[in-house]
Amino acid sequence: MVTRARDGGPFAREVEHTADLGLEIEAPTLALLFERAGLAMLGLMADLGRVEPRERRALGVEAEGREQLLHDWLQALLVALGVNGFLACELDIQQLSDRVVRGTMCGEPFDAARHEIYTEIKGATYHQLAVRETESGWWARVIFDV
């Protein structure tokens, strides 16, 4: 399933945290949780409604456990924007286990004339980082250093 920034409904809710930004995300599947977390984080940084899905790029990380995997997935999205200048508006996870996540991101190169940046996120933190299976699916909490 592809998760698009233009899909209806909230992906996540912002949580209060002193001097930083936080999100809580819910989804019926773990893959959708990772997609929603990525787009919610990018949505804190920029207006994803102005980003067109012009290019598709592979994105994948390996880690030791679900929390670290989510952390590293979000960091890879931040690197794609901060280092490579690529802003994603769609995410599609094709492979997900407790140690590997692989998928694609669709978007376009950042263009200051068209894309508005709201805030800079330096990184996802391990503070209060959690990924849990619930009765209705999956839940995660992530705090970002701004």
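Side notes on the structure shown:
- Amide N of the range 78-93 lying under 19 Å from the label point, which is placed 7 angstrom from the Cα of V146 along Cα→Cβ: 78-79, 81-82
- Using a cutoff of 8 angstrom between alpha carbon atoms and counting only pairs six or more residues apart, the relative contact order for the range 22-145 works out to 35 percent.
- FRET efficiency, V79 to T134 (Cβ-Cβ, R0 25 Å, nearest 0.05): 0.25
- The modelled label-to-label distance for the pair I117/R57, using points 7 Å beyond Cα in the direction of Cβ, is 1.4 nm.
- Answer label, with Cα Rg over 2.2 N^0.38 Å calculated from the coordinates and candidates (i) 0.95; (ii) 2.05; (iii) 1.14: (i)
- The residue list L87, Y126, V142 was ranked by how far each Cα lies along the charge dipole of the chain toward its positive end, using unit charges on Cβ atoms, and L87 comes out on top.
- For the range 77-123: relative contact order, % (alpha-carbon pairs under 8 angstrom, 6 or more apart): 35 percent
- Fewest neighbouring Cβ atoms within 10 Å first, the residues W138, W73 line up as W138, W73.
- Going from the residue with the fewest nearby Cβ atoms within 10 Å to the one with the most, R4, R132 rank R132, R4.
- Helix-only mean residue ellipticity at 222 nm for the chain, each DSSP H run of n ≥ 4 adding -39500 (n - 2.57), per residue, nearest 500: -7500 deg cm²/dmol
Any read-out appearing in this document is the output of simple, stated calculations on the displayed coordinates, not a laboratory observation. This structure is a prediction, so every number in the text was calculated from the model and none was measured. Counting neighbours? That spans all protein chains shown, and the Cβs are built from the backbone with ideal geometry, glycine included.
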